[in-house]
Amino acid sequence: MGLRINDVVPNLDLTTDQGSFKLHDFIGDKWTILFSHPKDFTPVCTTEFGAVAQLADEWKKRNTQVIGLSVDGVEEHTKWKGDIESYSGAKATFPIIADKDLAVAKALDMLPANAYLPDGRTANDTATVRVVFIFSPDKKLQLQLTYPMSIGRNFAEVLRALDALQATYGKPIATPANWTHGQDVIVAMSLDNEAAKAKFGSIDIKLPYLRTTKFPG
(Lines give C-alpha, C1' and ligand atoms only; values in the text may rest on other atoms or scores of the structure.)
Protein backbone atom coordinates (compact mmCIF):
# COMPACT_ATOMS: atom_id res chain seq x y z
CA MET A 1 0.00 0.00 0.00
CA GLY A 2 1.28 3.44 -0.90
CA LEU A 3 1.49 6.56 1.21
CA ARG A 4 -1.77 8.26 2.13
CA ILE A 5 -2.31 11.88 3.15
CA ASN A 6 -0.99 12.44 6.70
CA ASP A 7 1.13 9.27 6.65
CA VAL A 8 4.69 9.75 7.90
CA VAL A 9 7.08 9.06 5.03
CA PRO A 10 9.47 6.13 5.66
CA ASN A 11 12.90 7.23 6.81
CA LEU A 12 14.61 5.89 3.69
CA ASP A 13 18.34 5.65 3.07
CA LEU A 14 19.12 7.88 0.10
CA THR A 15 22.15 7.96 -2.16
CA THR A 16 22.36 11.15 -4.22
CA ASP A 17 24.79 13.14 -6.32
CA GLN A 18 25.34 15.25 -3.16
CA GLY A 19 26.07 12.38 -0.78
CA SER A 20 24.12 9.81 1.25
CA PHE A 21 21.68 10.57 4.06
CA LYS A 22 18.37 9.62 5.65
CA LEU A 23 15.21 11.15 4.21
CA HIS A 24 14.04 12.45 7.61
CA ASP A 25 17.41 14.14 8.14
CA PHE A 26 17.09 15.81 4.75
CA ILE A 27 13.58 17.07 5.50
CA GLY A 28 14.66 18.47 8.86
CA ASP A 29 12.35 21.38 9.74
CA LYS A 30 11.51 22.36 6.16
CA TRP A 31 8.74 21.68 3.68
CA THR A 32 10.08 19.22 1.12
CA ILE A 33 9.12 18.39 -2.45
CA LEU A 34 10.27 15.07 -3.87
CA PHE A 35 9.71 14.77 -7.61
CA SER A 36 10.60 11.63 -9.52
CA HIS A 37 11.49 10.64 -13.06
CA PRO A 38 11.87 7.39 -15.00
CA LYS A 39 15.30 8.01 -16.51
CA ASP A 40 18.08 10.56 -16.99
CA PHE A 41 18.64 12.23 -20.36
CA THR A 42 14.97 12.16 -21.36
CA PRO A 43 13.30 15.21 -22.95
CA VAL A 44 10.24 15.88 -20.78
CA CYS A 45 12.18 15.25 -17.57
CA THR A 46 14.97 17.61 -18.62
CA THR A 47 12.44 20.43 -19.08
CA GLU A 48 10.92 19.63 -15.67
CA PHE A 49 14.22 19.62 -13.80
CA GLY A 50 15.00 22.90 -15.54
CA ALA A 51 11.71 24.39 -14.36
CA VAL A 52 12.46 23.36 -10.77
CA ALA A 53 15.93 24.91 -11.00
CA GLN A 54 14.46 28.20 -12.26
CA LEU A 55 12.17 28.35 -9.20
CA ALA A 56 15.02 28.16 -6.67
CA ASP A 57 14.24 31.57 -5.16
CA GLU A 58 10.54 30.73 -4.84
CA TRP A 59 11.25 27.49 -2.96
CA LYS A 60 13.59 29.36 -0.61
CA LYS A 61 10.95 32.02 0.15
CA ARG A 62 8.65 29.24 1.31
CA ASN A 63 11.17 27.43 3.55
CA THR A 64 11.00 24.59 1.06
CA GLN A 65 13.65 22.33 -0.39
CA VAL A 66 13.41 20.07 -3.40
CA ILE A 67 14.96 16.71 -4.15
CA GLY A 68 14.72 14.81 -7.41
CA LEU A 69 14.74 11.08 -8.06
CA SER A 70 15.65 9.23 -11.23
CA VAL A 71 16.17 5.55 -11.81
CA ASP A 72 19.80 5.93 -12.78
CA GLY A 73 23.07 6.29 -10.90
CA VAL A 74 25.03 9.17 -9.40
CA GLU A 75 27.43 9.41 -12.34
CA GLU A 76 24.56 9.79 -14.80
CA HIS A 77 22.89 12.38 -12.56
CA THR A 78 26.03 14.49 -12.44
CA LYS A 79 26.38 14.47 -16.23
CA TRP A 80 22.66 15.10 -16.76
CA LYS A 81 22.76 18.23 -14.61
CA GLY A 82 25.00 19.78 -17.23
CA ASP A 83 22.23 19.37 -19.81
CA ILE A 84 19.59 20.63 -17.36
CA GLU A 85 21.57 23.78 -16.62
CA SER A 86 22.38 24.37 -20.28
CA TYR A 87 18.71 24.07 -21.23
CA SER A 88 17.21 26.09 -18.37
CA GLY A 89 19.91 28.69 -17.77
CA ALA A 90 19.67 27.96 -14.03
CA LYS A 91 21.88 26.05 -11.60
CA ALA A 92 20.42 22.70 -10.50
CA THR A 93 21.56 22.93 -6.88
CA PHE A 94 19.18 20.31 -5.49
CA PRO A 95 20.23 16.67 -4.99
CA ILE A 96 19.01 13.84 -7.24
CA ILE A 97 18.42 10.43 -5.67
CA ALA A 98 20.05 7.48 -7.44
CA ASP A 99 17.53 4.62 -7.47
CA LYS A 100 18.96 2.03 -9.83
CA ASP A 101 17.61 -0.86 -7.72
CA LEU A 102 14.15 0.78 -7.45
CA ALA A 103 14.31 0.65 -3.63
CA VAL A 104 12.92 4.16 -3.14
CA ALA A 105 10.40 3.88 -5.99
CA LYS A 106 9.01 0.65 -4.51
CA ALA A 107 9.02 1.93 -0.92
CA LEU A 108 6.92 4.92 -1.99
CA ASP A 109 4.69 2.73 -4.20
CA MET A 110 5.68 4.37 -7.46
CA LEU A 111 6.15 0.96 -9.09
CA PRO A 112 4.71 -2.52 -8.53
CA ALA A 113 6.56 -4.62 -5.97
CA ASN A 114 7.70 -7.05 -8.69
CA ALA A 115 9.05 -4.37 -11.02
CA TYR A 116 12.51 -4.95 -12.45
CA LEU A 117 14.86 -3.29 -14.89
CA PRO A 118 15.51 -5.28 -18.10
CA ASP A 119 18.82 -5.03 -19.91
CA GLY A 120 18.83 -2.10 -22.30
CA ARG A 121 15.78 -0.62 -20.59
CA THR A 122 14.18 2.59 -21.71
CA ALA A 123 12.13 5.16 -19.78
CA ASN A 124 9.02 3.13 -20.69
CA ASP A 125 10.14 0.37 -18.30
CA THR A 126 9.87 2.76 -15.34
CA ALA A 127 7.14 4.99 -16.72
CA THR A 128 5.14 5.12 -13.51
CA VAL A 129 7.97 6.82 -11.65
CA ARG A 130 6.37 10.23 -12.35
CA VAL A 131 5.20 11.47 -8.98
CA VAL A 132 5.35 14.68 -6.94
CA PHE A 133 5.24 14.36 -3.15
CA ILE A 134 5.00 17.33 -0.78
CA PHE A 135 6.01 16.63 2.84
CA SER A 136 5.45 18.99 5.77
CA PRO A 137 8.17 19.55 8.40
CA ASP A 138 6.61 16.81 10.58
CA LYS A 139 7.57 14.32 7.82
CA LYS A 140 3.93 13.72 6.80
CA LEU A 141 2.65 13.48 3.25
CA GLN A 142 0.47 16.49 2.47
CA LEU A 143 -0.03 16.14 -1.29
CA GLN A 144 0.70 13.68 -4.08
CA LEU A 145 0.41 14.13 -7.86
CA THR A 146 1.05 11.46 -10.49
CA TYR A 147 1.56 12.23 -14.18
CA PRO A 148 1.96 10.09 -17.31
CA MET A 149 5.19 10.25 -19.27
CA SER A 150 3.72 12.29 -22.11
CA ILE A 151 2.69 15.30 -19.99
CA GLY A 152 5.20 17.71 -18.49
CA ARG A 153 4.32 18.73 -14.98
CA ASN A 154 3.10 22.26 -14.26
CA PHE A 155 5.41 23.47 -11.50
CA ALA A 156 3.48 26.73 -11.25
CA GLU A 157 0.62 24.53 -10.00
CA VAL A 158 2.96 22.71 -7.61
CA LEU A 159 4.00 26.11 -6.27
CA ARG A 160 0.35 27.20 -5.97
CA ALA A 161 -0.53 23.98 -4.14
CA LEU A 162 2.42 24.49 -1.80
CA ASP A 163 1.14 27.99 -0.99
CA ALA A 164 -2.29 26.56 -0.22
CA LEU A 165 -0.86 23.82 1.98
CA GLN A 166 1.21 26.30 3.95
CA ALA A 167 -1.71 28.72 4.26
CA THR A 168 -4.06 26.09 5.68
CA TYR A 169 -1.55 24.04 7.69
CA GLY A 170 -2.90 23.69 11.23
CA LYS A 171 -5.55 26.38 10.65
CA PRO A 172 -9.37 26.09 10.44
CA ILE A 173 -9.48 27.27 6.83
CA ALA A 174 -9.45 25.78 3.34
CA THR A 175 -8.81 27.23 -0.10
CA PRO A 176 -11.36 27.36 -2.94
CA ALA A 177 -10.81 26.26 -6.53
CA ASN A 178 -8.04 28.12 -8.34
CA TRP A 179 -6.99 29.95 -5.15
CA THR A 180 -3.77 31.92 -5.22
CA HIS A 181 -1.85 33.45 -2.35
CA GLY A 182 -3.64 36.40 -0.73
CA GLN A 183 -7.14 35.62 -1.99
CA ASP A 184 -10.06 34.96 0.37
CA VAL A 185 -10.18 31.57 2.05
CA ILE A 186 -12.98 29.28 3.17
CA VAL A 187 -13.90 29.02 6.84
CA ALA A 188 -13.79 25.45 8.13
CA MET A 189 -17.16 23.86 8.88
CA SER A 190 -15.84 22.97 12.34
CA LEU A 191 -16.45 26.62 13.35
CA ASP A 192 -19.98 27.96 13.71
CA ASN A 193 -20.69 31.51 12.59
CA GLU A 194 -20.07 33.09 15.98
CA ALA A 195 -16.79 31.23 16.49
CA ALA A 196 -15.72 32.14 12.97
CA LYS A 197 -16.47 35.84 13.52
CA ALA A 198 -14.61 35.77 16.83
CA LYS A 199 -11.56 34.26 15.15
CA PHE A 200 -11.50 36.09 11.82
CA GLY A 201 -13.36 39.31 12.54
CA SER A 202 -15.83 39.05 9.70
CA ILE A 203 -17.10 36.36 7.36
CA ASP A 204 -19.01 36.36 4.09
CA ILE A 205 -21.83 33.78 4.21
CA LYS A 206 -22.31 32.77 0.58
CA LEU A 207 -24.17 29.57 1.47
CA PRO A 208 -24.94 28.06 4.90
CA TYR A 209 -21.99 25.72 4.39
CA LEU A 210 -19.76 28.03 2.31
CA ARG A 211 -18.35 30.99 4.23
CA THR A 212 -15.30 32.97 3.26
CA THR A 213 -13.00 35.40 5.03
CA LYS A 214 -9.94 37.48 4.24
CA PHE A 215 -6.72 35.54 4.03
CA PRO A 216 -5.30 35.74 7.58
CA GLY A 217 -1.67 35.41 6.51
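Estimate the FRET efficiency between GLU75 and PHE215 by the formula 1/(1 + (r/R0)^6), using the beta-carbon distance for r and 35 Å for R0, to the nearest 0.05. Walk me through the numbers before you get to the answer.
Values: r = 46 Å, r/R0 = 1.32.
That pair, GLU75 with PHE215, gives E of 0.15.
Per residue of the range 191-205, what does 6.51 cos²θ - 1.76 cosθ + 1.60 with θ = phi - 60° give for ³J(HN,Hα)? Whole Hz please, x for Gly and Pro, Karplus curve as stated.
Running phi through 6.51 cos²θ - 1.76 cosθ + 1.60 with θ = phi - 60° gives 9, 6, 4, 5, 5, 5, 5, 5, 7, 10, x, 8, 9, 10, 8 Hz.
Would you work out what percent of the accessible area of the chain, with all protein chains in place, is carbon or sulfur (probe 1.4 Å)? Write out the running numbers ahead of the final one.
On the way: 5650 of 10840 Å².
Carbon and sulfur together cover 52 percent of it.
Against the 2.2 N^0.38 Å scaling, with N counting residues, where does the range 139-183 land? I'd like the Cα-based Rg ratio to two decimal places. Please list the in-between numbers first.
Numbers: Rg = 12.1 Å, N = 45, 2.2 N^0.38 = 9.3 Å.
Compactness ratio reported: 1.30.
Take the range 1-121, drop everything but the C-alpha atoms, weight them equally and run the Debye formula without solvent; then report log10 I(q)/I(0) at 0.11, 0.19, 0.22 Å⁻¹ to two decimals.
Normalising to I(0) and taking log10 leaves -0.37, -1.11, -1.41.
How large is the Kirkwood hydrodynamic radius of the chain, counting all unique pairs of alpha carbons, in Å?
Evaluated over the chain, this radius sits at 18.7 Å.
List the lysines whose Cα sits under 21 Å from the Cα of LYS206, skipping any in the same chain fewer than 8 residues away.
LYS171, LYS197, LYS214
Give the long-range amide H neighbours of VAL66: residues separated by 5 or more places, or on another chain, with amide H under 5 Å away, using H modelled in the peptide plane at 1.01 Å from N.
Under 5 Å from the amide H of VAL66 lie the amide H atoms of ILE33, each far enough along the sequence or on another chain.
Just to check, using Stokes-Einstein with a Kirkwood Rh over alpha carbon pairs, what's the diffusion coefficient of the range 18-67 at 37 °C and 0.692 mPa s in µm²/s? Show your work: numbers first, answer last.
Working: Rh = 12.2 Å.
The calculation lands on 269 µm²/s.
Averaged per residue, what accessible area in Å² does the chain show with a 1.4 Å probe, protein chains only?
Working: 10840 Å² over 217 residues.
For the chain, the per-residue accessible area is 50 Å².
Pop out the ³J(HN,Hα) list for the range 15-32 in order, Karplus 6.51 cos²θ - 1.76 cosθ + 1.60 with θ = phi - 60°, rounded to Hz; leave Gly and Pro as x.
10, 10, 6, 10, x, 10, 6, 7, 4, 5, 5, 5, 4, x, 10, 10, 6, 9
Using DSSP, restrict attention to beta bridges with both residues in the chain and report what percent are antiparallel, rounded to the nearest 5.
On the way: 22 of 32 bridges.
Roughly 70 percent of the beta bridges in the chain run antiparallel, per DSSP.
Putting +1 on Lys and Arg Cβ atoms and -1 on Asp and Glu Cβ atoms, find which of THR175, LEU3, PRO43 reaches farthest to the positive end of the dipole of the chain.
THR175
The values are calculated or read from the model by the stated rules, or taken from the named source; none is laboratory data. Not measured: the values here are computed from a predicted model. Don't worry about glycine lacking a Cβ; one is built from the backbone with ideal geometry, like all the others, and counts go over all protein chains shown. We work out accessible area using only protein heavy atoms, side chains counted, and drop any ligands, DNA or RNA first. Shrake-Rupley method; radii C 1.70, N 1.55, O 1.52, S 1.80 Å.
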